[in-house]
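Q: Okay, handing you the structure first.
Bear in mind that the values in this text are calculations on the coordinates, not laboratory data. Remember, predicted model here, so these are calculated numbers, not experimental data. Positions of Cβ are backbone-derived with ideal geometry, glycine not excepted, and every protein chain shown enters the neighbour counts.
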Amino acid sequence: MKLQQLRYMVEVAKQGLNVSDAAEKLHTSQPGISKQVRLLEDELGIEVFIRHGKRVVGITKPGKAVLEISERILREASNLKRVGDEFSSQNAGSLTIATTHTQARYALPSVIQQFLKAYPNVSLSIKQGSPTQICEMVLSGEADLAIATEGIELFKELVMLPCYQWNRSVIVPEGHRLLDFSEITLEDIAKYPLVTYDFAFSGRSKMQKAFHAAGLEPNIVLTAIDADVIKTYVSLGLGVGIVATMAFEPARDVGLRAIDASHLFEPSTTRIGFRKDTYLRGFAYDFIHLFAPHLTRDAIERQLTTD
């Protein structure tokens with residue numbers, strides 16, 4: 001039994017049982033993967049995959065158990081490598097952050113700048129997606145840390161650490177009627193078509209909850225995953241925007257104005273998450289501390305012992 005065989009088998013499962021896609025992902029050949037998986041099945045004395053001709057069409061009951069154990073073995077093998085790297089080359093390595101566009105565009109730049117200055121030999125990668133996609137990246141090993149506002153709490157395999165709270169602003173073109181109010185209400189906003197985050201993204205549920213509690217049905221005409229896209233369409237006159245307050249930059253967003261809406265919506269909490277069974281390198285702890293200064297290594301390790 002070889003780790004490579006386990007890796008091939010797990011990747012086939014991850015790629016929806018498509019051996020060709022698994023081969024492309026692992027930079028190897030389809031026949032090579034098929035042969036190694038067959039050899040592993042022969043050694044185990046069971047079939048992991050259900051086949052129809054040359055096609056893999058399902059996973060057997062024992063195969064599900066084998067895949068679960070294999071994933072765990074591969075994670076622990078990765079942890080062993082991290083332990084070795086930590087003590088042989090403390091200030092070198094790689095770190096992958098999975099996050100949303102808003103965090104990547106507005107919350108992370110200064111953190112990344114500080115981190116790369118402190119660790120010039122660490123290769124940093126940023127992957128973007130919805131909160132669910134972000135968490136799945138960490139679970140699959142594609143990313144080391146997840147930074148998101150919603151969704152992390154649904155994944156029990158992740159440690160969840162609160163970083164900071166944020167709220168929303170209403171974005172309108174200069175001269176808009178809403179700028180005449182000393183304090184806007186939900187009723188005021190609901191009179192206009194709204195442009196806001198996609199259903200899967202941060203804070204959307206709290207926004208919907210606020211309108212629902214007020215007995216209002218907002219007219220959401222356009223959604224996007226990118227705050228910059230939302231602001232673009234607001235500037236075109238398609239509607240009133242609702243975005244994270246941090247996403248409005250007066251110097252850049254010429255022709256637009258932001259109206260504080262923190263009194264209308266519950267604040268949202270951005271969290272950072274990682275697998276409970278992952279060995280974090282020292283520079284990963286430092287990245288977390290830069291992003292959320294209250295999260296020292298001692299505080300994180302205490303959290304790990306209480307979970």
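Q: Antiparallel as a % of all DSSP beta bridges within the chain, to the nearest 5?
A: Numbers: 24 of 41 bridges.
DSSP beta bridges in the chain are roughly 60 percent antiparallel.
Q: Could you state the angle between the C-alpha long axis of helix 61-88 and the longest principal axis of the C-alpha atoms of the chain, as a value from 0 to 90 degrees rounded to the nearest 10?
A: The two axes meet at around 80 degrees.
Q: If packing is taken as the mean number of other Cβ atoms within 10 Å per residue, what is the order of 274-285, 174-185, 28-39, highest first? Walk me through the numbers before you get to the answer.
A: Working: 274-285: 18.2, 174-185: 11.7, 28-39: 15.9.
So the peptides 274-285, 174-185, 28-39, ranked by packing, come out 274-285, 28-39, 174-185.
Q: Still on this structure, I have one more. Could you work out the helix-only [θ] at 222 nm for the chain, with each DSSP H run of four or more residues adding -39,500 (n - 2.57) and the total divided by the number of residues, to the nearest 500 deg cm²/dmol?
A: Working: 11 runs with 126 residues, N = 307.
Computed mean residue ellipticity for the chain: -12500 deg cm²/dmol.
Q: Right, next: In debye, nearest 20, what is the charge dipole magnitude of segment 1-129 about its Cα centre with +1 on Lys and Arg Cβ and -1 on Asp and Glu Cβ, if you could check? Walk me through the intermediate numbers first.
A: Numbers: 18 positive and 12 negative charges, 55 e Å.
About 260 debye.
Q: On C-alpha positions alone, give me the angle between the axis of helix 297-306 and the longest principal axis of the chain, in degrees, nearest 10.
A: Compared with the principal axis, the helix lies near 70 degrees.
Q: Answer rounded, prolate or oblate for the chain, using the Cα gyration tensor with square roots of eigenvalues a ≥ b ≥ c: rounded when a/c is under 1.5, else prolate when a/b is larger than b/c, else oblate. Could the numbers behind the result be given before it?
A: Numbers: a/c = 2.54, a/b = 1.77, b/c = 1.44.
The shape class here is prolate.
Q: What shape does segment 1-80 have by the C-alpha gyration tensor, where a ≥ b ≥ c are the square roots of the eigenvalues, rounded means a/c under 1.5, and otherwise prolate means a/b greater than b/c and oblate the rest? List each step's numbers first, then the result.
A: On the way: a/c = 1.57, a/b = 1.17, b/c = 1.34.
In terms of gyration-tensor shape, oblate.
Q: Please list, in order along segment 48-55, the HN-Hα scalar couplings obtained from phi with the Karplus expression 6.51 cos²θ - 1.76 cosθ + 1.60 (θ = phi - 60°), rounded to whole Hz, x for Gly and Pro.
A: 7, 10, 8, 10, 10, x, 8, 8
Q: Provide the packing ranking of 234-244, 209-219, i.e. peptides ordered by the mean count of other C-beta atoms within 10 Å per residue, highest first.
A: Values: 234-244: 20.5, 209-219: 13.6.
In descending order of packing, they fall as 234-244, 209-219.
Q: If contacts are Cα pairs under 8 angstrom and at least 6 residues apart, what is the relative contact order of the chain in percent?
A: Numbers: 473 pairs, mean separation 60.2, N = 307.
Computed value for the chain: 20 percent relative contact order.
Q: Can you work out ³J(HN,Hα) from phi for every residue in segment 228-241, in order, using Karplus 6.51 cos²θ - 1.76 cosθ + 1.60 and θ = phi - 60°, giving whole Hz and x for Gly and Pro?
A: Once θ is set to phi - 60°, the couplings for segment 228-241 become 5, 5, 4, 5, 4, 6, 5, 5, 7, x, 7, x, 9, x Hz.
Q: Can you tell me the relative contact order of segment 80-174? Whole percent, Cα pairs under 8 Å, sequence separation 6 or more.
A: Numbers: 103 pairs, mean separation 29.0, N = 95.
Across segment 80-174, relative contact order equals 30 percent.
Q: Further question: Tell me, what HN-Hα J-couplings in whole Hz come from the Karplus equation 6.51 cos²θ - 1.76 cosθ + 1.60 at θ = phi - 60° for each residue of segment 138-148, using x for Gly and Pro?
A: Residue by residue, segment 138-148 yields 5, 4, 7, x, 6, 9, 8, 10, 10, 10, 7 Hz.
Q: Moving on to the next point. With 28 Å as the limit, write out which pairs from 2/61; 14/117; 2/127; 2/117 have Cα-Cα distances beyond it, or answer none. Before the final figure, lay out each step's value.
A: On the way: 2/61 22 Å; 14/117 36 Å; 2/127 30 Å; 2/117 39 Å.
Cα-Cα > 28 Å for 14/117; 2/127; 2/117; rest within.
Q: Turning to a different aspect of this structure: Given the peptides 158-168, 62-72, 116-126, arrange them by the average over their residues of other C-beta atoms within 10 Å, most packed first. Could you put the intermediate results ahead of the total?
A: Values: 158-168: 18.7, 62-72: 16.0, 116-126: 13.1.
Ranking the peptides 158-168, 62-72, 116-126 by packing returns 158-168, 62-72, 116-126.
Q: Within segment 179-307, how many lysine pairs that are 8 or more places apart, or on different chains, have C-alpha atoms less than 21 Å apart? Can you show the working numbers first?
A: On the way: 191/206; 191/209; 191/231; 206/231.
Taking segment 179-307 as the scope, the lysine pair count is 4.
Q: Quick one: of the DSSP bridges fully inside segment 122-281, what percent are antiparallel, nearest 5?
A: Values: 20 of 27 bridges.
Beta bridges within segment 122-281, antiparallel portion: roughly 75 percent.
Q: With unit charges on the beta carbon (Lys/Arg positive, Asp/Glu negative), name the residue among 287, 16, 259 whose Cα is farthest towards the positive pole of the charge dipole of the chain.
A: 16
Q: For helix 282-291, what angle does its Cα long axis make with the longest principal axis of the chain, in degrees from 0 to 90 and rounded to 10?
A: Helix 282-291 sits at roughly 10 degrees to that axis.
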